[in-house]
1. With θ set to phi - 60° and the Karplus curve 6.51 cos²θ - 1.76 cosθ + 1.60, what are the ³J(HN,Hα) couplings of the stretch 7-12 in order, to the nearest whole Hz, using x for Gly and Pro?
2. Which residues' amide hydrogens lie under 5 Å from the amide hydrogen of ASN76, considering only partners 5 or more residues apart or on another chain, with H built in the peptide plane?
3. What does the extension gain come out to for LYS99 and GLU113, with contour length at 0.36 nm per residue minus their alpha carbon separation?
4. Please work out the FRET efficiency for the pair GLN80 and MET16, using the Cβ-Cβ distance as r and a Förster radius of 22 Å; give the result to the nearest 0.05.
5. Step through the residues of the stretch 47-52 one at a time and calculate ³J(HN,Hα) from phi using the Karplus curve (6.51 cos²θ - 1.76 cosθ + 1.60, θ = phi - 60°), rounding each to whole Hz and writing x for Gly and Pro.
6. When you count, for each residue, the other Cβ atoms within 10 Å and take the mean per peptide, how do 53-65, 115-127, 74-86, 95-107 rank with the highest first?
7. Direction-averaged shadow area of the convex hull around the Cα atoms of the stretch 39-80, nm²?
8. List, in order, the whole-Hz ³J(HN,Hα) value for each residue of the stretch 122-127 obtained from phi through the Karplus relation with A = 6.51, B = -1.76, C = 1.60 and θ = phi - 60°; use x for Gly and Pro.
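Bear in mind that the values in this text are calculations on the coordinates, not laboratory data. It should be emphasised that the depicted structure is a prediction, and the values quoted were computed from it without experimental measurement. Here Cβ is always computed from backbone atoms with ideal geometry, including for glycine, and neighbour counts include all displayed protein chains.
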Amino acid sequence: MTRIRSFKLSDHRDVMKIWSRTATKEREAKTLQMLVQQLACDRDLVVVAEEDGEVVGAIMGTKDGSRGYFYCLAVNPDFQSRGIGRQLVEELERRFYQKGAKRLLIMVDEGTEKLMSFYRHLGFTQTCSSLLERKVYCRFDPEIPSFSV
């Protein structure tokens, strides 16, 4: 039976093992950084799934005003297609609701596009088709080469 509960520091290795199996190395490093930041802010928004004492899934969220953001949903591939991902999302959604969130947002990173159909199945809709990104450059710092627009 699956037990959904809050993350404990002793879960760190198990959660990182799951993320390493389901994410790219670059994404895995960013996820660890986000985990540390989220635990410092609101550890109640880091949730794990446990089967027979083994952590088999995790999800992390953060709240900004009335919006709740889902990050880093991962379920051990050996335990996928058993409803664990759904249970994690539903528990995090319940926690967002208790904290006053009115809207839920999910950013699906490159390499995790397969989650799109999963989230649609849970009632989420895609609101934009692309995200543009670049590094921040300071045009006023003489040490940093400028570029023209």
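1. Taking θ as phi minus 60°, the curve returns 5, 10, 4, 5, 7, 3 Hz for the stretch 7-12.
2. Close amide H contacts, sequence-distant or interchain: GLY57.
3. Details: separation 14, 0.36 × 14 = 5.04 nm, distance 2.84 nm.
Between LYS99 and GLU113, full extension yields 2.2 nm more.
4. 0.75
5. 10, 10, 10, 10, 10, 6
6. Working: 53-65: 18.4, 115-127: 12.1, 74-86: 16.3, 95-107: 14.2.
Result, highest mean first: 53-65, 74-86, 95-107, 115-127.
7. Values: hull surface 14.1 nm².
That works out to 3.5 nm².
8. For the stretch 122-127, the Karplus curve yields 8, x, 7, 10, 7, 9 Hz.
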